[in-house]
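Written below as structure tokens is the structure these notes are about.
The values are calculated or read from the model by the stated rules, or taken from the named source; none is laboratory data. Keep in mind that this is a model prediction, so the values were computed, not measured. Glycine gets a Cβ as well: all are built from the backbone with ideal geometry, and neighbour counts include every protein chain shown. The accessibility values were calculated without ligands, DNA or RNA, using every heavy atom of the protein model including side chains. Shrake-Rupley method; radii C 1.70, N 1.55, O 1.52, S 1.80 Å.
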Amino acid sequence: MPSPDAAPEDLPLDGVRVIDLTSVVFGPYCTQILGDWGADVIKIEAPGGDVTRQLGPARSTGMAAVFLGANRNKRSVELDLKRPAARDALLRLIEGADVFVHNVRPRKMEALGLGPETVRARNPALIYGAMLGFGEDGPYAGRPAYDDVIQGMAGVAGAALARDGRPELAPTIVADKTAALAGASSLMAAYVRRLRTGRGAQVDVPMFETVAAWTLVEHHHGDWFGPGSGSAGYPRALSPHRRPHATADGFVCILPYTDAQWSRFWDILGRPQLAADPRFATQRARGDNIDALYGLVSPLMAGRSTADWLDAFETAEIPCGPITPLDALAADPQVVATGLVREIEHPSEGPLMALHAPGRLDGEALPLRRPPPRLGAHTAEVLAEACLSDPEIAALGD
């Protein structure tokens, strides 16, 4: 069984040190992306560790499933930041870092003596990243925020309300993960500017505003043009008929998009005359009549098997796919072939089906350099790198 991959020396963020004072998923998923691209991510954890260490199945205490999903390619340092010596040790680490990331409410960071002015005074070239619930210049500043709350406030549940008459949360932590992607790209952009100018930066990434902007990409719709010019909500996404289509033995997802795809689609369904129907003949007409269009499709698909439909649509180059159950996703042929989930030997947890980064660099998969770490597994090692003496390190554990 393979061990974690050897670390190549030419990953884009090789040599970049990230001090990661984050927990749950938003912050850890953000910093995991930086680690995937080569950064040395040092995860600072309070006694007891990140709360996700206790979420989900586990072989041993502190190594539960949710933690494993967002903490590869990191080292773990356990510090009780309520103790002045631990805070000083963290500042020593920050002095030698390129990026510092936290998802603690700003008032608490100030109370810890770790606000942006204090920290950046110790390292003016630092990228100081704050992963926030809400932007500091708005009325919600400082509120606690988790995925369910943000989905509700930032339009995700509201889109379901517009479609179905009742709000629903997406069955995945879409707010955390979307904001994490925005956080990683923002920190990388600030680091690129530092390479150019030598200047550090403060980078704030608020979850609410990130997800609100993400929701409004298509759902701002008529509101782009001002009051009275239309309404919010992208009709195609809000159509109650936009759902997986039932077949004779399961479900299939399909999305003809161009005029040519719709023409081939109607031929396959045995309704070629619908290609010339003025309601459906053009992109604009289909958009204006989306409920009628989608309402026609489902009844026509119930008579053949999923495999029959997929074969016909793939032959016609019409985008389509089956519904993959959650417990089958890791065994999907594309997932297996690309190595997205691979079995490794974890040094303490034994054989694990580990997630790997989905990106590619020069055609090669990004390496899993470090599996998710045990709590505090690298405390002595990392603090020694910051020139703390053995007695100083030992005193932090007393």
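I'd like to know if region 80-90 contains one or more residues that are of a type in the set (D, E, K, R) and in a helix (DSSP H, G or I). Full working, then the answer.
First pass over region 80-90, keeping only residues of a type in the set (D, E, K, R): 80, 82-83, 87-88.
Right, trim to in a helix (DSSP H, G or I) and you get 87-88.
Taking every residue of region 80-90 in turn, at least one turns out to be of a type in the set (D, E, K, R) and in a helix (DSSP H, G or I).
Can you tell me how many residues in region 91-114 are assigned to a loop (DSSP other than H, G, I, E, B) and either aliphatic (A, V, I, L, M) or within 26 Å of the chain's Cα centre (by Cα) (or both)? Can you show your working first?
Here is the first cut: in region 91-114, the ones assigned to a loop (DSSP other than H, G, I, E, B) are 96-98, 103-105, 112-114.
The next check asks that each one be either aliphatic (A, V, I, L, M) or within 26 Å of the chain's Cα centre (by Cα) (or both); those that pass are 97-98, 103-105, 112, 114.
Qualifying residue count for the region: 7.
State whether one or more residues within region 309-330 are charged (D, E, K, R), surrounded by 12 or more Cβ atoms within 10 Å (Cβ to Cβ) and over 25 Å from the mean Cα position of the chain (by Cα).
For region 309-330, residues charged (D, E, K, R), surrounded by 12 or more Cβ atoms within 10 Å (Cβ to Cβ) and over 25 Å from the mean Cα position of the chain (by Cα): present.
Working only within region 201-227, note down all residues that are in contact (Cβ under 8 Å) with a residue 40 or more places away in the chain, more than 16 Å from residue 156 (Cβ to Cβ) and either open to solvent by less than 70 Å² (accessible area, probe 1.4 Å) or aliphatic (A, V, I, L, M) (or both).
Passing the criteria: 201, 203, 205.
Got at least one residue in region 191-198 being loosely packed, with under 14 Cβ neighbours inside 10 Å, over 24 Å from residue 153 (Cβ atoms) and touching a residue at least 40 places away in the same chain (Cβ under 8 Å)?
yes
Can you spot a residue in region 277-286 that is buried (at least 16 other Cβ atoms within 10 Å of the Cβ) and of a type in the set (A, V, I, L, M)?
The answer is no, given that none of the residues of region 277-286 is buried (at least 16 other Cβ atoms within 10 Å of the Cβ) and of a type in the set (A, V, I, L, M).
Could you look through region 223-262, keep only residues that are part of a loop (DSSP other than H, G, I, E, B) and of a type in the set (A, V, I, L, M), and pick out the one that is farthest from residue 283 (Cα to Cα)? Break it down stepwise before answering.
Of all residues in region 223-262, those part of a loop (DSSP other than H, G, I, E, B) come to 226-234, 239-244, 247-250, 255-258.
Going one step further and asking which of them are of a type in the set (A, V, I, L, M), we end up with 232, 248, 255.
On the way: 232: 20, 248: 30, 255: 13 Å.
Only one residue fits best here, namely 248.
Among the hydrophobic types (A, V, I, L, M, F, W, C) and without any contact (Cβ under 8 Å) to a residue 24 or more places away in the chain: is that true of residue 331 in this structure? Step through it out loud before you land on a result.
On the way: among the hydrophobic types (A, V, I, L, M, F, W, C): yes; without any contact (Cβ under 8 Å) to a residue 24 or more places away in the chain: yes.
So residue 331 passes the test.
For every residue, the table says whether it meets (1) small (Gly, Ala, Ser); (2) out of contact with any helix residue (DSSP H, G or I) (no Cβ under 6 Å at 6 or more places or on another chain).
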residue	(1), (2)
208	no, no
216	no, yes
226	yes, yes
253	no, yes
269	no, no
273	no, yes
279	no, no
299	no, yes
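Which one is surrounded by the most Cβ atoms within 10 Å (Cβ to Cβ), of the residues in region 33-75 that are assigned to a helix (DSSP H, G or I) and of a type in the set (Val, Ile, Thr)? Give the derivation first.
First, the residues of region 33-75 that are assigned to a helix (DSSP H, G or I): 33-36, 51-54, 65-69.
Subsequent filtering for residues that are of a type in the set (Val, Ile, Thr) retains 33, 51-52, 66.
Numbers: 33: 24, 51: 13, 52: 19, 66: 20.
The qualifying residue surrounded by the most Cβ atoms within 10 Å (Cβ to Cβ) is 33.
Looking at 297, 252, which is the one that is closer than 27 Å to residue 160 by Cβ, in contact with a Gly (Cβ under 8 Å, 6 or more places away or on another chain) and open to solvent by less than 30 Å² (accessible area, probe 1.4 Å)? Spell out the reasoning first.
Working: 297 fails: in contact with a Gly (Cβ under 8 Å, 6 or more places away or on another chain).
Every option except 252 fails the conditions.
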